[in-house]
Amino acid sequence: MNRRDFEILDGFNILYIEDEADLLLHTRTVLEDFARNIYAVRTCQEAYAVLEAHSVDVIISDILLENESGIECLKNIRREMGLPIPAIFTTAYTDTEFLLEAIQLKVEAYIVKPINIKALLNALHDVLLPRIQQQEINRTYNIIKTISVVTDGKQVELVHFILNHLDENNILNYSYAEIMEATGISKPTIVKLFRQLGEKGILTKIQNGKYRFDESKLPFPALQPEKKI
């Protein structure tokens, strides 16, 4: 089996629900070294508040919280809040009833306490890897589609730079000078490409050093996820 690369976790936000304060603190402290953000809470109500305010990529939850059920919590998140977020359950119990409910919810992983951190990281990696792979596929197609409007070799290199430096909102936060320094590409080449992309509505200037990339304006339809049979 190939060694997992836990560095892929650093682009994701994790919601961690655990009513044991010491375990919550310990596990959160470990995960903070790997993920972008860890939202650590002790109750379902706190979890709902986090989800109202933040984007979350995966949920880790104890099945039996104090006076609450992690399973019911996840049901509410997926059905009432309409958030199909992948989940990993942790529990000190191996009761078949709990396991069957977790399976019915299509929970992605199930870890028995005491939590083995390596097992938890492996589970997070395996849950989030398909997201990474789909992002890479989309990025590749975006590069191909954007390159179709340019022919110059330096401009192609510049397209790669743009798409690799968009933030989560598809915003490029780079001035011409910063792009020149990072790529070694001349200002006239940068200006020419930005004008080309701007005329097609692909790259729109918001303010100096800030541009919005609009995939819907690309010359071909956006990639659609492959349907499972």
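Since every read-out is calculated from the coordinates, none of them should be taken as a lab result. Just so it is clear, the structure is predicted and the values come from calculations on it, not from any experiment. Methodologically, a virtual Cβ is constructed for each residue, glycine included, from the backbone with ideal geometry; neighbour enumeration extends over all protein chains shown.
Using 29 Å as the Cα-Cα cut-off, could you pick out the over-long pairs in Lys187/Lys217; Lys75/Lys118; Lys106/Lys210? Could you put the intermediate results ahead of the total?
Working: Lys187/Lys217 24 Å; Lys75/Lys118 27 Å; Lys106/Lys210 41 Å.
Going by Cα-Cα distance, Lys106/Lys210 fall outside the 29 Å limit.
The magnitude of the dipole of the stretch 6-132, with charges of +1 and -1 set on the Cβ of Lys/Arg and Asp/Glu and taken from the Cα centre, is near 380 debye. Three principal axis extents of the stretch 148-217 based on alpha-carbon atoms, in descending order, are 26, 24, 19 Å. About the centre of its Cα atoms, the stretch 148-217 shows a dipole size close to 300 debye [charges on the beta carbon of Lys, Arg (+1) and Asp, Glu (-1) only; nearest 20 debye]. Remark: spin-label model distance Gln45-Phe6 equals 3.5 nm, labels positioned 7 Å along the Cα→Cβ axis. Only the Cβ atoms of Lys and Arg (+1) and of Asp and Glu (-1) were treated as charged; on that basis the dipole of the stretch 1-59 about its Cα centre amounts to roughly 140 debye.
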